[in-house]
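Derivation of every value follows stated rules applied to the coordinates shown; laboratory data play no part. It should be emphasised that the depicted structure is a prediction, and the values quoted were computed from it without experimental measurement. Here Cβ is always computed from backbone atoms with ideal geometry, including for glycine, and neighbour counts include all displayed protein chains.
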Amino acid sequence: MKFAWFIAVRYLTKGRKNSFISIISLVSILGIAIGVAALIIALSLINGFQNDIRNRILSSSAHIMVSDRFADGFTDYRALSHKLEKEFKGVKAVMPVVYGTVLVKGTGREVSGAIFRGLDLGRKKKEPWLAKLEFGRLPANDRELLLGREMALKLNLFAADSCLIVSPQAALSPLGIMPRFKKFRISGIFRSGLFEFDSGTVIAGLGAAQQLFSLKNKISYLQVNLDNIFSAEKVAARMRGHLGAQYAVITWMELNQSLYSALEMEKTVLFFTLTLIIIVASLNIIAGLILLVMQKIKDIGILLSYGTSAAQIRKIFFLQGAIIGLLGTALGVILGLGFCFLANRYELIQVPAEIYQVSFVPFRINFLDLAAVIVASLLISFSATLIPSRKAAAVDVVDAVKYE
């Protein structure tokens, strides 16, 4: 092995006759490095975007939703909440939720449709965006509510203003059947960071929502939050087995399946597309090594005549390609990780915060993705050495030295 390694390194680095081949080797190293760096940067960008989107969605929705299949809400939610928190490992908190569609009318003519969500705002464990409001405070009674930032801007409403909430549920009055409506005072403005949520959601206490939708002591569903969001499928499967067919158990993955499927598909397509850069660079390895074999036929013949085996000749040229692949991959990893670190450290890629809800594009390095890039690069590089190394091992010693 030391002999093959010595010859391989010497062929790559020594000799004036090898200058053209050395340039091809350098181009191959740079090509592989650029491909690996591009893959790491692109995958880290998608991971950062996907992680940011996931956190924003889950900050305003349940990890698992538990609802009654056969009734419009259920009353025995306190016992069920206690059971879910105590009997299922990984459950962090369970919150009762009442929700329904409403119309929100401001002080002017502006009207907006919204989801009216009633939450138990007295709980200690709250979502971060509820614990730290942009303006105002949490509702103190059943005649106060919170408005999303985007909806407040649209309706020209501020903290301490009043608004009219109109429910599509009918109410019997002396004038006949009328839609149910109630006047609320805006106690605060929240901002979750998710545009759709901030522009179409109203938050109030549980009692206020139950009064508005005439649910009495009923709730719409239980919102279950987990310690590990990726264990949602396993926890949900155990819940379905214990709770029976009466209750529907839906995970966040099922609720947002189309979005995450699209992101995963984009990530997969990008991986294979950028891998083409590494494949193109590997063609330079093949070309360079074949040229080297043709140039070194005399040397190969001399080595064979001195007793060097065909396997050792094959190993010499395989090691040359392997060195190029290892150097290119290592350089690409350093460049890719370095760019991601600098981009996060100095927020290099700025975006309009009012549009994307973040001030810069985050890069998140997934070590499984990093390992996949390294393995793919090395496999392609090593595979590119097979043809030249076999060609070198197939050289006939008589033909190689007969003109010397």
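Calculated FRET efficiency, GLU134 to ASP227, Cβ-Cβ distance, R0 = 35 Å: about 0.80 to the nearest 0.05. Seen against the Cα atoms of the chain and their longest principal axis, helix 2-13 is set at about 80 degrees. Springs between Cα atoms under 10 Å define the GNM used for the chain, and in it the highest mean-square fluctuation of SER60, SER22, SER309 occurs at SER309. May I ask for the angle, rounded to the nearest 10°, between helix 19-59 and the longest principal axis of the chain, with both axes built from Cα atoms and the value confined to 0 to 90°? Helix 19-59 sits roughly 10 degrees off the main axis of the chain. Using C-alpha pairs under 8 Å with a sequence gap of at least 6, the mean separation divided by the residue count of the chain gives a relative contact order of 28 percent. Computed from the Cβ-Cβ distance with R0 of 35 Å, the FRET efficiency linking LEU30 to SER309 stands at 0.55. The mean sequence distance of close C-alpha pairs (under 8 Å, at least 6 residues apart), as a share of the length of segment 71-245, puts its relative contact order at 33 percent. For ALA71 and LEU259, what does the FRET efficiency come to when R0 = 25 Å and r is the distance between their Cβ atoms, rounded to the nearest 0.05? After rounding, the FRET efficiency stands at 0.25. Think of each Lys and Arg Cβ as +1 and each Asp and Glu Cβ as -1; about the Cα centre, that makes the dipole of the chain roughly 620 debye. Each peptide in 312-322, 290-300 was scored by the mean count of other Cβ atoms within 10 Å over its residues; highest first, the order is 312-322, 290-300. Summarising the label geometry, the points placed 7 Å from Cα in the beta-carbon direction at ASN217 and VAL111 lie 3.6 nm from one another. For the chain, the longest principal axis of the C-alpha atoms and the axis of helix 257-295 are separated by about 10°.
Starting from the Cα gyration tensor of segment 144-250, multiply each eigenvalue by 5, take the square root, and state the resulting semi-axes largest first in whole Å.
32, 23, 11
Within the shell defined by Cβ-Cβ distances under 14 Å, the residues around MET151 carry a net charge of -1, with Lys and Arg each +1 and Asp and Glu each -1. Over every Cα atom in segment 225-359, the radius of gyration and the widest Cα-Cα span, Dmax, amount to 26.8, 83 Å.
The ratio of the alpha-carbon radius of gyration of the chain to the globular-protein estimate 2.2 N^0.38 Å is 1.51.
One compactness figure for segment 71-245 is 1.11, namely its Cα radius of gyration divided by 2.2 N^0.38 Å. When peptides 233-246, 204-217, 32-45 are ranked by their average number of other Cβ atoms within 10 Å per residue, the highest-first order is 32-45, 204-217, 233-246. Take every DSSP beta bridge whose two residues both sit in segment 71-245; close to 75 percent of them are antiparallel.
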